[in-house]
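The values are calculated or read from the model by the stated rules, or taken from the named source; none is laboratory data. Nothing here was measured: the structure is a model prediction, and the numbers come from that model. Cβ sites come from the backbone with ideal geometry, for glycine too, and all protein chains shown count toward neighbours. Note: accessible area is taken over every heavy atom of the protein model, side chains too, but ligands, DNA and RNA are not part of it. Shrake-Rupley method; radii C 1.70, N 1.55, O 1.52, S 1.80 Å.
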Amino acid sequence: MGIGKVSAAQETEPMTVITIEQAGKFDGQEVTLKGWLYNLRESGKLLFPIFRDGTGIIQGVCALKENPEAFEALKGLTQESSVIVAGKIRAEKRAPGGYELGVTKIQIIQKVPESTPFPIQLKEHGVDFLLDHRHLWIRTPRQAAILRIRAEAVRSAREFMDSQGYTLTDAPMFTPAACEGTSTLFEVNYIDEQKAYLTQSGQLYLEATAMALGKVYTFGPAFRGRAGRFASGKLSAHQCN
């Protein structure tokens, strides 16, 4: 991993550091973004980089005539290189999110080597390949959106259960035996070469915690296979009357 060059002087007065999702609140203002290069399109003496920071993506524009140092630093920059970029936010309805960044300065924190490029390109990949690179696949917009939807669903479910007076309790991930005899068990090696199984349900343990706390629920993974299908999440609730 190499350290890239810095465009313009670093001793300049610091600008407001924002996230991409906040861009609309800073229309017309000079800001600094910290993130990664998602894509780069070249058109003559103009560069159109797209940056991401975990909160979203934003298109940048950099002109050779206006900002030659930033232009040279950006030109040929590899996908997923880490950057700190400064410029002015401006409304642009054709850009993703409705805003773009007029790039004036860029600091390359880490450049992805051309010899070992980021493996997930902006094209179709096989599912097996993507699963083998799952830790990188989640950087793509669709996968990131799925994770945000899941987070919102979990947050809403927990808020509802909490508002009804239920107490969140956690069930073990490993169990010594099946709790539902018709399901397939997922066996794992355990301490001292013993066998254990991924839990199929938290219901059994809720019956115990309900005796202590009354209204309880668990929101955690459950692993069960039936008819070739695999389920990995379950919300269970129990009330002691």
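Quick one: with all protein chains in place, what share of the accessible area of the chain is carbon or sulfur, to the nearest percent (1.4 Å probe)?
Numbers: 7940 of 14720 Å².
Taking all protein chains in place, the chain shows 54 percent carbon and sulfur surface.
Averaging the Cα positions of each part gives two centres, and for region 17-71 and region 156-201 these lie 45 Å apart. A simple count of charges around S156, restricted to other residues whose Cβ falls under 12 Å of its Cβ and scoring Lys, Arg +1 and Asp, Glu -1, yields 0. On a per residue basis, region 33-140 carries 53 Å² of accessible surface, using protein heavy atoms and a 1.4 Å probe. Over all directions, the projected convex hull of the C-alpha atoms in region 1-141 averages 8.9 nm² in area.
Roughly how tilted is helix 141-163, in degrees to the nearest 10 and between 0 and 90, from the longest Cα axis of the chain? The angle comes out near 50 degrees. Give the longest segment of the chain that steers clear of GluC sites (Glu not before Pro) in DSSP loops with at most 14 neighbouring Cβ atoms within 10 Å, not counting the sites themselves. In the chain, the maximal stretch lacking such sites is 181-241. Where does the charge balance sit around R139 when Lys and Arg score +1, Asp and Glu -1, over other residues with C-beta under 9 Å from its C-beta? For residues surrounding R139, the net value is 0. Taken over the chain, the percentage of Cα pairs per 10 Å bin, counting from 0 up to the bin with the maximum distance, is 7, 22, 23, 16, 16, 13, 3, 0. Legend: residue pairs K25/K105; K34/K93; K25/K123, Cα-Cα distance threshold 28 Å; pairs beyond threshold, K25/K123.
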